[in-house]
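Notes for the one structure printed next.
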Amino acid sequence: MIVQRYLVLLALLWLGFARAEMPLLTVGDEVPDCELVDEQGKTLHLRDYRGQAVALTFIFTRCPLASYCPLMSSHFLAAQRELSKEAGDKKWHLLSLSFDPEHDTPDKLQAYGKAHSANASRWTFATGEGDAVIRFGASFGLTAKFEEGLLNHNLRTVVIDAKGRVQHLFKGNEWKPQELVWELRKAMP
């Protein structure tokens, strides 16, 4: 496990996505705070969601690959629909973080959220300044880099429990919305 973490961190450093002081987070680790700007243009922090289960994924709105960012948004929509059926005030939230802040302005994020039927009280779209989201995502193994005009990236989706710790980390796009719902239910207070 230590060797695997070391190899991933070396790869991230080589690609310029991580800092040496930013180790990869694993299940049970506390998630660091991250300052973001939401689709309304308001500043928010990840710590604002303490006390509820949070699923966050990393996207960009002009992703052309149906099995990448659009699939993550479809999975989040399915999870939103499933969790919204439950009675009571369940404490959960979905957060889609764009790592393309130059293009994904609050207006674009708002339009993207509406196009994906996001319930704004349960699903937030946000970004950060410069490469802040990429640096934050690197702590989960996210890689994103512009190459020859294209944004190449992998996929990471994280479930954070109500105390702000990593509950589960989904790598890639092989997971199903039901798995996300199950992890969110486990992470709720």
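General observations
- Out of Glu129, Glu148, Glu86, Glu82, one residue alone is within 24 Å of Val27 (Cβ to Cβ) and over 14 Å from the mean Cα position of the chain (by Cα). It is Glu82.
- All conditions in (1) crowded, with 18+ Cβ neighbours inside 10 Å; (2) modelled with pLDDT of 95 or more hold for Leu12, with the sole exception of (2).
- Every pair of residues 6+ apart whose Cβ atoms lie under 8 Å, when the first sits in segment 119-148 and is free of Cβ contacts under 8 Å to residues at least 60 places away in the same chain while the second is surrounded by fewer than 14 Cβ atoms within 10 Å (Cβ to Cβ) and not in a helix (DSSP H, G or I): Phe146/Asn152
Rundown of residues vs (1) at pLDDT below 95; (2) surrounded by fewer than 20 Cβ atoms within 10 Å (Cβ to Cβ), yes/no style:
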site	(1), (2)
Asp104	no, no
Gln110	no, yes
Gly113	no, no
Ala126	no, no
Lys145	yes, yes
Thr157	no, no
Gln167	no, no
Asn173	no, yes
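- Some residue of segment 88-101 being out of contact with any strand residue (DSSP E or B) (no Cβ under 6 Å at 6 or more places or on another chain) and polar (S, T, N, Q): no
- Among the residues listed as Leu94, Leu44, the single one being at pLDDT 95 or above, assigned to a strand (DSSP E or B) and surrounded by fewer than 18 Cβ atoms within 10 Å (Cβ to Cβ): Leu44
- Enumeration of residues in segment 63-92 that are among the charged types (D, E, K, R) and in contact (Cβ under 8 Å) with a residue 40 or more places away in the chain: Glu82, Lys90, Lys91
- Among the conditions (1) at pLDDT 95 or above; (2) surrounded by fewer than 21 Cβ atoms within 10 Å (Cβ to Cβ); (3) more than 14 Å from Ala53 (Cα to Cα); (4) in contact with a His (Cβ under 8 Å, 6 or more places away or on another chain), the only one that Arg122 does not satisfy is (3).
- Pair list, Cβ < 9 Å and 6+ apart or interchain, from segment 24-43 residues that are on the phi < 0 side of the Ramachandran plot and among the β-branched types (Val, Ile, Thr) to residues that are exposed (fewer than 11 other Cβ atoms within 10 Å of the Cβ) and in a loop (DSSP other than H, G, I, E, B): Thr26/Met1; Val37/Glu129
- Test: residue in segment 78-94 that is under 18 Å from Thr43 (Cα atoms) and touching a Ser or Thr at 6+ places or on another chain (Cβ under 9 Å): yes
- Test: residue in segment 173-184 that is touching a helix residue (DSSP H, G or I) at 6+ places or on another chain (Cβ under 8 Å), closer than 19 Å to Phe58 by Cβ and free of Cβ contacts under 8 Å to residues at least 60 places away in the same chain: no
The values are calculated or read from the model by the stated rules, or taken from the named source; none is laboratory data. Since the structure is predicted, the reported quantities are computational estimates derived from the model, not experimental observations. Positions of Cβ are generated from backbone atoms using ideal geometry, with glycine treated the same way; all protein chains shown enter the neighbour counts.
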